[in-house]
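Enquirer: Just dropping this structure here.
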Amino acid sequence: MNQEKLEKNYLMNTVQKTAKILRSFTREEPKLSLTDLHKKTGIGVSSLQRFVATLVYEGFLIRDERTKLYRLGLSLFYLGKLVEQESSLLSLAKPALKQLNDKYNESVSMSILDGNERRCIVNFDSTHLLTARNHVGDTSPLYAGASAKSLLAFLPDEEITDYLDEVKFEMITENTVVDRAQLLAELADIRAKGYAVSRKERIFGACSVSAPIQTDSSTRPVASISVIIPEVRFDDVDLEQLTSDVMAAKREIERLVH
C-alpha cells in the first residue's frame, strides 16, 4: 500500500497529532512549554491546548502548575511496562543480549525502526566507568551508526531509495557519511557481510558492531542488536571474535522468534 493511499484512507489526523505531541518529549528535553510543543509539532495553539488538556486528564501528560511546563505522565510508564512484559521479541532477545554484555562488559542494545529513524528499546549498561551507550528511547537517522545502518541496509531497495530521496543529510560528526553514493556502497557491503561496524559516525568516541534481526531472510528487519564500545578500548577488542559473537546472538534470537 502506497503512502498516499494509506494517509487518505486509513490514518486518523487526530491520532497522528497526539503521537506527534508525545514524541516531542525526549531525554534531552523532558519538559516542554505549550510554545515549545507548538514549535515542534506545528499544531495551532488553540487546538494544541485542547490536545494537551485531554492528555493531562488521561494521565499521559503532567502539567506543572508553577512552571506551566508539561512532561510525560505515568500512564505512559504503565503502558511501557506492559509492552516490555508482553513483547515476545524483547523477552526472547534479552538472554542473548545479556550474554554479550557479560562477555564483553560493554553496552549492548536493541533498536527498532520508528518511521525514518532508529529507536533504542533496550540497553544493558557497560560495567566500565568510561562507557558508550544507547539510552532507551534515543533516536537517530538511519544513515548514521552501525545500529541504524544495519536496519537500513536490509530494507527493500525501493524503501531505501525513498528514504534517501526524503532525508536531509547532516554531518553529525566528522565521520558521518553524507554522500549518497558512498552510503549506498556501504549499505551493499553491510548486506553482503550481514553486519555493520561504525566508528564515531553518530557519537564522538563511540564505536559499535551491529546486526539486523530478521524473522525471515526475505523480510525487512524487525530490529538490530549492537555492542557499543568507547574508541579508546575498541582497538583492543578482537573484532573478528566480536562480530562472530554478535552474529551468533542474532541467529539465536531469530531462531527463538521464528
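Enquirer: With a cut-off of at most 15 other beta carbons within 10 Å, and DSSP calling the residue loop, which GluC sites (Glu not before Pro) in segment 149-224 qualify? Please list them.
Expert: Sparse-neighbourhood loop GluC sites (Glu not before Pro): E170, E174.
Enquirer: Shape call for the chain from the C-alpha gyration tensor, a ≥ b ≥ c root eigenvalues: rounded (a/c under 1.5), prolate (a/b greater than b/c) or oblate? All intermediate terms of the calculation are to be shown ahead of the outcome.
Expert: Details: a/c = 1.73, a/b = 1.49, b/c = 1.16.
Note, shape of the chain comes out prolate.
Enquirer: Beyond a 24 Å Cα-Cα separation, which of these cross-linked pairs lie in this structure: K39/K200; K31/K98; K94/K200; K31/K149; K193/K250; K40/K200?
Expert: Numbers: K39/K200 31 Å; K31/K98 32 Å; K94/K200 26 Å; K31/K149 30 Å; K193/K250 13 Å; K40/K200 28 Å.
Pairs exceeding 24 Å: K39/K200; K31/K98; K94/K200; K31/K149; K40/K200.
Enquirer: Compare V167, V136 by solvent-accessible area with a 1.4 Å probe and give them largest first, with all protein chains kept in place.
Expert: Values: V167 35, V136 95 Å².
So, going from the largest accessible area down, we get V136, V167.
Enquirer: Can you work out ³J(HN,Hα) from phi for every residue in segment 234-250, in order, using Karplus 6.51 cos²θ - 1.76 cosθ + 1.60 and θ = phi - 60°, giving whole Hz and x for Gly and Pro?
Expert: Per-residue couplings from phi come out as 5, 6, 7, 8, 6, 5, 4, 5, 4, 5, 4, 5, 5, 5, 5, 5, 4 Hz.
Enquirer: Moving to a separate point now. Tell me, what ³J(HN,Hα) does each residue in segment 109-120 have, in order and in whole Hz, if you take phi through Karplus 6.51 cos²θ - 1.76 cosθ + 1.60 with θ = phi - 60° and put x for Gly and Pro?
Expert: 9, 10, 10, 10, 6, 10, x, 9, 10, 9, 10, 6
Enquirer: Another question about this same structure. If you count only protein heavy atoms and use a 1.4 Å probe, how large is the accessible surface of K17, to the nearest 10 Å²?
Expert: Here the accessible area works out near 70 Å².
Enquirer: From largest accessible area down, sort H128, H258; use a 1.4 Å probe on the protein chains. It would help to have the intermediate numbers written out before the result.
Expert: Numbers: H128 70, H258 140 Å².
Ranked list, largest accessible area first: H258, H128.
Enquirer: Same structure, new question: Taking the Cβ-Cβ separation of K39 and D162 as r and a Förster radius of 25 Å, what is the calculated FRET efficiency to the nearest 0.05? Write out the running numbers ahead of the final one.
Expert: On the way: r = 27 Å, r/R0 = 1.09.
Once rounded, the FRET efficiency stands at 0.35.
Enquirer: Can you give the helix-only mean residue ellipticity at 222 nm for the chain, where every DSSP H stretch with n ≥ 4 adds -39500 (n - 2.57) and the sum goes over all residues, rounded to the nearest 500 deg cm²/dmol?
Expert: Working: 11 runs with 122 residues, N = 258.
It lands at -14500 deg cm²/dmol.
Enquirer: Efficiency by 1/(1 + (r/R0)^6): what FRET value for T14 and R63, r their Cβ-Cβ distance, R0 = 30 Å, to the nearest 0.05?
Expert: Numbers: r = 20 Å, r/R0 = 0.68.
Rounded to the nearest 0.05, the efficiency is 0.90.
Enquirer: Let's see if you can work this out: charge +1 on each Lys and Arg Cβ, -1 on each Asp and Glu Cβ, no other charges. What is the dipole magnitude of the chain about its Cα centre, in debye to the nearest 20? Before the final figure, lay out each step's value.
Expert: Numbers: 34 positive and 37 negative charges, 211 e Å.
Rounded to the nearest 20 debye, it is 1020 debye.
Enquirer: Quote the charge dipole size of segment 112-246 about the Cα centre in Debye, to the nearest 20; the model charges only the Cβ of Lys and Arg (+1) and of Asp and Glu (-1).
Expert: Values: 13 positive and 23 negative charges, 47 e Å.
The dipole of segment 112-246 has a size of about 220 debye.
Enquirer: Now for a separate question. Where in segment 132-199 are there trypsin sites (Lys or Arg not before Pro) that are in a DSSP coil and have at most 10 other Cβ atoms within 10 angstrom of their Cβ? Please list the in-between numbers first.
Expert: Details: sites: R133, K149, K168, R180, R191, K193, R199; in loops: R133, K168.
Filter output for segment 132-199: K168.
Enquirer: While we're on this one: Counting Lys and Arg as +1 and Asp and Glu as -1, what is the net charge of the other residues whose Cβ lies under 9 Å from the Cβ of K200?
Expert: Working: positive: R199, R202; negative: E174, E201, E231.
Neighbour charge sum, excluding K200 itself: -1.
Enquirer: Roughly what would the spin-label model give for L239 and E170, points 7 Å off Cα along C-beta, in nm?
Expert: 2.9 nm
Enquirer: By per-residue mean of other Cβ atoms within 10 Å, what is the highest-first order of 238-246, 220-228?
Expert: Working: 238-246: 15.1, 220-228: 24.0.
Packing proxy ranking, top to bottom: 220-228, 238-246.
Enquirer: If you filter segment 31-89 for trypsin sites (Lys or Arg not before Pro), then keep DSSP loop positions with at most 16 other Cβ within 10 Å, what is left?
Expert: Numbers: sites: K31, K39, K40, R50, R63, R66, K68, R71, K81; in loops: K31, R66, K68.
The qualifying sites are K31, R66, K68.
Enquirer: Continuing with this model, one more query. Given the C-alpha centroids of segment 16-91 and segment 170-249, what is the distance between them in whole angstrom?
Expert: 32 Å
Enquirer: Could you give the longest part of the chain that holds none of the chymotrypsin sites (Phe, Trp or Tyr not before Pro) found in DSSP loops with at most 13 neighbouring Cβ atoms within 10 Å? Present the calculation step by step, with values, prior to reporting the outcome.
Expert: Details: sites that count: Y10, F204.
Result, exposed sites excluded: 11-203.
The values are calculated or read from the model by the stated rules, or taken from the named source; none is laboratory data. Here the structure is a predicted model, which is why all the values come from computation and not from measurement. Methodologically, a virtual Cβ is constructed for each residue, glycine included, from the backbone with ideal geometry; neighbour enumeration extends over all protein chains shown. Note: areas computed on protein heavy atoms with side chains; ligands, DNA, RNA excluded. Shrake-Rupley method; radii C 1.70, N 1.55, O 1.52, S 1.80 Å.
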